[in-house]
1. Take the conditions within 7 Å of chain B (Cβ to nearest Cβ) and more than 21 Å from residue B:151 (Cα to Cα) and apply them to residue A:187. Does it pass?
2. From the list B:57, B:52, B:91, exactly one residue is of a type in the set (Gly, Ala, Ser), surrounded by 13 or more Cβ atoms within 10 Å (Cβ to Cβ), out of contact with any strand residue (DSSP E or B) (no Cβ under 7 Å at 6 or more places or on another chain) and not assigned by TED's automatic domain parsing to the domain that holds residue B:124. Which is it?
3. Conditions first: (1) open to solvent by less than 40 Å² (accessible area, probe 1.4 Å); (2) touching a residue at least 40 places away in the same chain (Cβ under 8 Å). Residue A:128 passes all but one, so which condition is the exception?
4. Out of A:82, A:62, report the one residue that is acidic (Asp, Glu) and within 15 Å of the chain's Cα centre (by Cα).
5. Taking residue A:23 and the conditions (1) open to solvent by 90 Å² or more (accessible area, probe 1.4 Å); (2) not in a helix (DSSP H, G or I), which numbered condition does it fall short on, given that it satisfies the others?
6. Is there any pair with a first residue in region A:1-15 that is hydroxyl-bearing (Ser, Thr, Tyr) and a second that is open to solvent by less than 90 Å² (accessible area, probe 1.4 Å) and more than 15 Å from DNA strand D (Cβ to nearest atom) whose Cβ atoms are under 7 Å apart and which are 6 or more apart or on different chains, and what are they?
7. Please count how many residues of region A:97-138 are β-branched (Val, Ile, Thr) and more than 17 Å from residue A:165 (Cα to Cα).
8. Check whether at least one residue in region A:161-184 is facing chain B (nearest Cβ under 8 Å), buried (at least 21 other Cβ atoms within 10 Å of the Cβ) and among the β-branched types (Val, Ile, Thr), and report yes or no.
Number of protein chains: 2
Amino acid sequence: MPKIVDKKQMQKKILNAAMKTFIKEGFHNSTMAKIAKEAGIAKGTLYLYFDSKEALSIAFVDRYFAKMKTWLNQQGEAKTLDEFIFHIKTSLLIDEEEAKFIPVFFEAFGPSFGSEAFRKTIADYFDKMGNFYSQNIAQLIINKEIHSDISPQTIGRVLVSMIDGIMLHYGLFSQERENYENMLNESLHLFKQGLLKRD
Amino acid sequence: MPKIVDKKQMQKKILNAAMKTFIKEGFHNSTMAKIAKEAGIAKGTLYLYFDSKEALSIAFVDRYFAKMKTWLNQQGEAKTLDEFIFHIKTSLLIDEEEAKFIPVFFEAFGPSFGSEAFRKTIADYFDKMGNFYSQNIAQLIINKEIHSDISPQTIGRVLVSMIDGIMLHYGLFSQERENYENMLNESLHLFKQGLLKRD
DNA sequence: TATTTTAATGACTATTTGGTCATAAAAAGG
DNA sequence: CCTTTTTATGACCAAATAGTCATTAAAATA
């Protein structure tokens, strides 16, 4: 009796079209009509799968961060400070392709920072990352690898901010790769010295 | 014969109104009409002083960075590590009003990150800040306040990235003020321990 | 194939808003 | 106080675009 469509498949198709349109036109010139056309459907159809442009944007960003969340969930807990520092280094060593997407991200979603919902989506991701670090730091304090006069909750979230800052500056201001790796080593050294338990 | 008005004074007044409106409404909801109203003038009058909304935005961002550069130039060199850390704390302790402007900045100028020239303008500012820190760190190494196995040039620029990261996360993800100050203290402690010369 | 239910369509609406312009007001000097 | 020049005003216009809805198409099943 009823016509049946794979909703998720359709949303995926639309999100792919959105990506193409965003890259080609810039985010704020990407009208719902253009995105629909790129997906090969009518505007009304698009609204059957996303209630609003904001909903579409949020779904887009969600998918963008999904990969990183998956990566995060795969990470095991570090048992030593060195291992912990290595974890951080791994998360900072994004490849050059990924770095090039950072300015595009701001170009595309800069205007979205006006939306509370949008900011919350991103904030949730960083909070999750912060909690991951916090738990690990708490464990490392128990293991007596890290000195105990710091708050794991606070320093975990701070670490995320600092790491993000380093990554953003790399992506936005395109320092040389070699230079970036120097900076990584220096900052990781600083992190390690800052966290180290002294006897 | 002619009625005469101080153009610069008027532009300043309008830019102040724009700032207020941007913070209150966000950039995209700040219509020229609202800005004019905030400035206590008619919309048509506003267009006598800025040819377009874009012209207004550019004037606005120019003024924003000019202030920060002035602030930077006024800073003296720290003689001790504690003084240096205090410097950093001062630069991180932006007031809540300023923090509220951060999302507005990305909202308004996010799309500009597609422009190489725009990124360079901002990069120059951060480089200037990085050099300031580098020079101070070099001096502190001479003063034997900081251990000598780090590169002042590199760590100066890294510090700027990390500081910027902390500030951005505060502004964008609006943590509680008290929480932010805790984070500041924790991260400054980490910086200090990381930089400290050990005997 | 007829029936039923869901999906697709795109012209249309409602609203928003950057920018204009004819008119009015203000100031300065003769 | 009249004239001239500059400045101020806000109703108005045109364009853009998010979102709607009556109508049509498609698919699944009996």
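The values are calculated or read from the model by the stated rules, or taken from the named source; none is laboratory data. From a predicted model like this one, the values you see are computed outputs, not experimental measurements. Here the Cβ is made from the backbone with ideal geometry for all residues, glycine too, and neighbour counts use every protein chain on show. Keep in mind that these areas ignore ligands, DNA and RNA; they rest on the heavy atoms of the full protein, side chains included. Shrake-Rupley method; radii C 1.70, N 1.55, O 1.52, S 1.80 Å.
1. no
2. Exactly one of B:57, B:52, B:91 is of a type in the set (Gly, Ala, Ser), surrounded by 13 or more Cβ atoms within 10 Å (Cβ to Cβ), out of contact with any strand residue (DSSP E or B) (no Cβ under 7 Å at 6 or more places or on another chain) and not assigned by TED's automatic domain parsing to the domain that holds residue B:124, namely B:57.
3. (1)
4. Answer to the check: A:62.
5. (2)
6. Nothing qualifies.
7. Going through region A:97-138 one residue at a time, the tally reaches 2.
8. Yes, there is a match, as at least one residue in region A:161-184 is facing chain B (nearest Cβ under 8 Å), buried (at least 21 other Cβ atoms within 10 Å of the Cβ) and among the β-branched types (Val, Ile, Thr).
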